[in-house]
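This report refers to the structure that appears directly beneath it.
The values are calculated or read from the model by the stated rules, or taken from the named source; none is laboratory data. Because the structure is a prediction, the values reported are computed rather than measured. Neighbour counts are summed over all protein chains in view; Cβ atoms, including those assigned to glycine, are modelled from backbone coordinates with ideal geometry. Just so you know, the surface numbers come from the protein's heavy atoms only, side chains and all, with ligands and any DNA or RNA stripped out. Shrake-Rupley method; radii C 1.70, N 1.55, O 1.52, S 1.80 Å.
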Amino acid sequence: MIDAAMVLVAIAGTICFFAAIPAVIFLNNLRWYGVPGVGMVTEVRVAVLIPARNEERNIGACVKNVLGSRGVELEVLVLDDASTDRTAEIVREIAMRDAQVRLVEGRALPQGWNGKQHACWVLAQETDAALMLFLDADVGVGPDAVSRCVGEMRTRGVALLSGFPRQILGGWMERMLLPLIHFVLLGLLPMERMRKTTKVAYAAGCGQFFLAEREAYFACGGHAAIRDTRHDGLRLPEEFRRCGLRTDLVDLTELAKVRMYESAGAVWMGLAKNATEGLGSPSRIVPVTVLLLVGQALPVVAAGFWIAFWVSSWVVGATFDDARAAVWVSGLLAVAVVASYLPRVIAVRKFRQSVVSAALHPVGILMLLGVQWYALVRQVFGRPVEWRARTYASATGEEVVESRKG
């Protein structure tokens, strides 16, 4: 006969176990994921390569911030990728005043290429600098960001260094979903193993900020090797690691900032556009869903039901037959709730994240899973994904039709 009390203990234990996995990984990663140190950097030339498509709201500030960099010799190349706004004009005006800046005219997008990957590949061929920083046009770097990342790159002896800027958040969708980037990164990727091996399984990065050694970049194929993807943050480090090259991550919270999206719809579609190459891939989505649903969404729900059960029992004067099991269930659920929230509480301070987002962590997790499954369903049914005024085939990232939206 099944013992109901032991079943409850087993359920609580399972929830606790799944909640503890990301918490333990997160806490361990805090030792490995840090801000680039302040070290001496010998004079080095860095080419900052910025692909820009309809970025008139960001490109001026982006370039000016880069030009304010200290400790490195710079050249700044901006590729105008068929913009229909004032992007090119703004860059030309800056280039007229500063010889370090050059505008590169975009080329027609070849078949089989994603727009951003093609722009980055073209830019890389426009410079002979030993180091190349691929930077998104909406990222604002501080004066020491480039030099400190160069120093960190050389200290660690890596061929590709990526960093996550501080997220500037506006609307409710941004506040609910974007802080989960750090939770997923630090809660699922064992960085100690990543740093000690070049295995492809530990590849990770942020497509907004990639500092690459030129020779290593071309040796592994660079963006040409990932021409059909929308997920350069994952795929570019993978290509470096396939060639036996080391990649690493740094915390840019204090050195750079970005406003990724400016509307709820943009957040949803922006995260969905490359979900099927990350957490939402067919091979990952089921285990990821189980891990996050059981370990991050269920602890609060289960604890709430358990408390409600005891309150209702007290009201009607009922008692729980197995006091020892009751203690175990209560303890396990308490630990599960603490474990699920601990990474988010730490992230509020360390990464300047929203307190409201942290408090609503289970809701954010459900929304994140919704994005992953939405993206997978679109891929299964062959629904195109529109991004940056281009429409791409869901599974490949290859452009299939040019949108008329600007």
Springs between alpha-carbon pairs under 10 angstrom, Gaussian network model over the chain: which of Lys64, Lys116, Lys273 fluctuates most? Lys64
When only the heavy atoms of the protein chains count and the probe is 1.4 Å, how do Ile307, Ile21 rank by accessible area, highest first? Ile307, Ile21
Over the chain, how many percent of alpha carbon pairs lie in each 10 Å bin up to the one with the longest distance? 5, 21, 30, 24, 11, 6, 3, 1, 0
If DNA, RNA and ligands are ignored and the probe is 1.4 Å, what is the ranking of Arg31, Arg344, Arg352 by accessible area, most exposed first? Arg31, Arg352, Arg344
Which one of Gly270, Cys243, Ala219 is farthest out on the positive end of the charge dipole of region 210-288, using unit charges on Cβ (Lys, Arg +1; Asp, Glu -1) and the Cα centre as origin? Gly270
Could you tell me the accessible area of Thr14 in Å² (1.4 Å probe, neighbours in place), rounded to the nearest ten? 70
On the first, second and third principal axes, largest extent first, how far apart are the outermost C-alpha atoms of region 87-156 in Å? 39, 34, 24
Across region 235-381, what fraction of all alpha-carbon pairs, as a whole percent, falls in each successive 10 Å bin from zero upward? 9, 24, 33, 20, 10, 4, 1
As a test of the formula, what do you get for the chain when each DSSP H run with n ≥ 4 contributes -39,500 (n - 2.57) and the sum is divided by the residue count, at 222 nm and rounded to the nearest 500 deg cm²/dmol? -15000 deg cm²/dmol
If the only charges are +1 at each Lys and Arg Cβ and -1 at each Asp and Glu Cβ, what is the size of the charge dipole of the chain around the Cα centre, to the nearest 20 debye? 420
Which lysines, on any chain, are close to Lys64 with Cα under 25 Å apart, when same-chain ones fewer than 8 places away are left out? Lys116, Lys257
For the chain, built as a Gaussian network whose Cα springs stay under 10 Å, the top-fluctuating residue of Pro22, Pro287, Pro362: Pro287
Cα centroid of region 102-133 to Cα centroid of region 343-359, whole Å: 36
Taking a probe of 1.4 angstrom, what is the accessible area of Cys220 in Å², to the nearest 10? 10
Just the accessible area for Met173, please: 1.4 Å probe, Å², rounded to the nearest 10? 20
Residues whose built amide H sits under 5 Å from the amide H of Val46, excluding neighbours closer than 5 in sequence, are Glu73, Leu74, Glu75
Comparing Trp310, Trp32, Trp328 in a Gaussian network model of the chain (Cα, 10 Å), the one with the largest mean-square fluctuation is Trp310
Tell me which trypsin sites (Lys or Arg not before Pro) from region 183-233 have a DSSP coil assignment and no more than 12 other beta carbons within 10 Å of their own. Lys199
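Which helices count as membrane-span-like in the chain under these terms: full DSSP H, at least 30 Å along the axis by C-alpha, Kyte-Doolittle mean of -0.5 or more?
Span-like helices, by this rule, are 4-29, 323-350.
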Cα centroid separation, region 247-323 to region 5-74 (Å): 20
